[in-house]
Amino acid sequence: MAVRTIRRTPLERLEYLIIVSSLLLLVVFTLQPLLNLLALSFSAPENVAGFSGLSIVPDGFSPDVWLLLLQHPNVQRGIFNSIWMTAASVIIGLGGTALMAWGMSRPGLPGRRLIFLFVLITIVFEPGIIPDYFLMKSMGLLNTPWSVIMYKAINAWYLIILIRFFEEIPQELLEAAELDGANPFQTFFRVVLPLARSALATIALFYLVFHWNEFFRAMIYLNDQTKWPLQVVLRQFVIEGDKVAIVGANNVNNNIGLAQINIRALKAGMILITIVPILAIYPLILRFFTKGTMTGALKG
């Protein structure tokens, strides 16, 4: 079978060259800082002070930074706390948002317009940190991970996105499910949710990024350092420059062993630890974005 060659005009070739060059340039600008941090974290301690901000190749080689960070109890607890708190937040947020969005997308819901108005009010008049703090205190959630997990358990913006998506599901599919004897819950779980995989993946990604990067409320609500997520550990070390928290007071006072590790390299490694999980999850979820939402749903 002959392969047809697409012939482009000179203007089309120029446009294609500009688009490809722009995308490659964006990739370089995105990857270079990450590669620089990676190279800095693996560089020999004595070479870190003069390490260039543009270099992507380690100056010497030393795994001491990563051995220290990955074996440190605070970092290990922070990783564990961030993973389970983010997972719980995504499950609760996605489940609650999907259920509420499906109910509000039904035209026959009593008081539908009033409920939607209340949702819009929460967007315009979002409460500040002080009312939120007293609410958590009155519920007895202070210094517990649930004070962070339950914050914005249902995001109003994500709710509206999912409501609009559910409203576009063909009514014929729902009527066909009812004729087959499906009750409302069976229709929701067996018909609606499979069709909404791409939308749910998008909302899950939004919740994931939001809760993984959350540190402000965790810093205020959680007094016990063993309950801190990774972002709070990162802030204490990278922003405040608290090298003692990572290296240890004895090593710093004696200036031996781990104290020789440059704080720039430690910060680079710590930043990468917080970024890599999100970068690893993006490709797993993005594959849903390219699929047609209703592909195969309706047959003639």
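The portion of the accessible surface of the chain made up by carbon and sulfur, rounded to a whole percent, is 67 (1.4 Å probe; DNA, RNA and ligands excluded). Across the range 53-189, Cα-Cα distances exceeding 18 Å account for 71% of all pairs. Compared with the dominant principal axis of the Cα atoms in the chain, helix 263-286 is inclined by about 20°. Per-residue SASA remark: Leu11, around 110 Å² accessible (1.4 Å probe; ligands, DNA and RNA not included). The modelled label-to-label distance for the pair Ile115/Glu178, using points 7 Å beyond Cα in the direction of Cβ, is 1.7 nm. The angle separating the long axis of helix 73-104 from the principal Cα axis of greatest extent in the chain is about 10 degrees.
Val65 sits with roughly 10 Å² accessible to a 1.4 Å probe, with DNA, RNA and ligands left out of the calculation. The label-point distance for Phe185 and Leu135, in a model that sets each label 7 Å from Cα toward Cβ, rounds to 2.8 nm. A full extension of the chain between Leu193 and Ser21 corresponds to an added length of 58.0 nm, given 0.36 nm per residue minus the alpha carbon distance. Distances between placed amide hydrogens fall under 5 Å for Ser62 paired with Ser43, Ala44, all partners being 5 or more residues away or on another chain.
With a simple spin-label model that places each label point 7 Å from the Cα along the Cα-to-Cβ direction, the separation between Phe216 and Arg7 comes to 5.9 nm. In the chain, the convex hull through the Cα atoms has an average projected area of 25.3 nm², a quarter of its surface area.
Starting from the Cα gyration tensor of the range 82-130, take the square roots of the eigenvalues, sort them a ≥ b ≥ c, and report rounded, prolate or oblate (rounded when a/c is under 1.5, otherwise prolate if a/b is larger than b/c, else oblate). Could you put the intermediate results ahead of the total?
Details: a/c = 4.77, a/b = 1.37, b/c = 3.48.
Here the range 82-130 falls in the oblate category.
Relative to the longest principal axis of the Cα atoms of the chain, the long axis of helix 112-124 makes an angle of roughly 20 degrees.
Would you please give the FRET efficiency between Met100 and Gln171, computed as 1/(1 + (r/R0)^6) with r the Cβ-Cβ distance and R0 = 25 Å, to the nearest 0.05?
On the way: r = 20 Å, r/R0 = 0.81.
So the FRET efficiency works out to roughly 0.80.
With a Cα cut-off of under 25 Å and a minimum spacing of 8 residues unless on different chains, the lysine pairs in the chain number 7. Legend: calculated FRET efficiency, Ala153 to Ile56, from the Cβ-Cβ distance at R0 = 45 Å, rounded to 0.05, equals 0.65.
For the chain, modelled as a GNM whose springs connect Cα atoms under 10 angstrom apart, the maximal fluctuation among Lys227, Lys267, Lys152 occurs at Lys152. Peptides 44-57, 205-218, 188-201 ranked from most to least packed, by the mean per-residue count of other Cβ atoms within 10 Å: 205-218, 188-201, 44-57.
What the Cα convex hull of the range 20-133 gives, in volume per residue, is 234 Å³.
Per 0.36 nm of contour for each residue apart, how much would the distance between Phe80 and Trp66 grow if the chain were fully extended, relative to their Cα-Cα spacing?
Values: separation 14, 0.36 × 14 = 5.04 nm, distance 1.70 nm.
Between Phe80 and Trp66, full extension yields an extra 3.3 nm.
The alpha carbon convex hull volume per residue for the range 115-241 rounds to 152 Å³.
Kindly rank 128-134, 34-40 from highest to lowest mean number of other beta carbons found within 10 Å of each residue.
34-40, 128-134
The values are calculated or read from the model by the stated rules, or taken from the named source; none is laboratory data. What you are looking at is a predicted structure, and each value in this text was computed from that prediction instead of being measured. With ideal geometry, Cβ positions are generated from the backbone for all residues, glycine too; neighbour counts draw on all protein chains shown. Just so you know, the surface numbers come from the protein's heavy atoms only, side chains and all, with ligands and any DNA or RNA stripped out. Shrake-Rupley method; radii C 1.70, N 1.55, O 1.52, S 1.80 Å.
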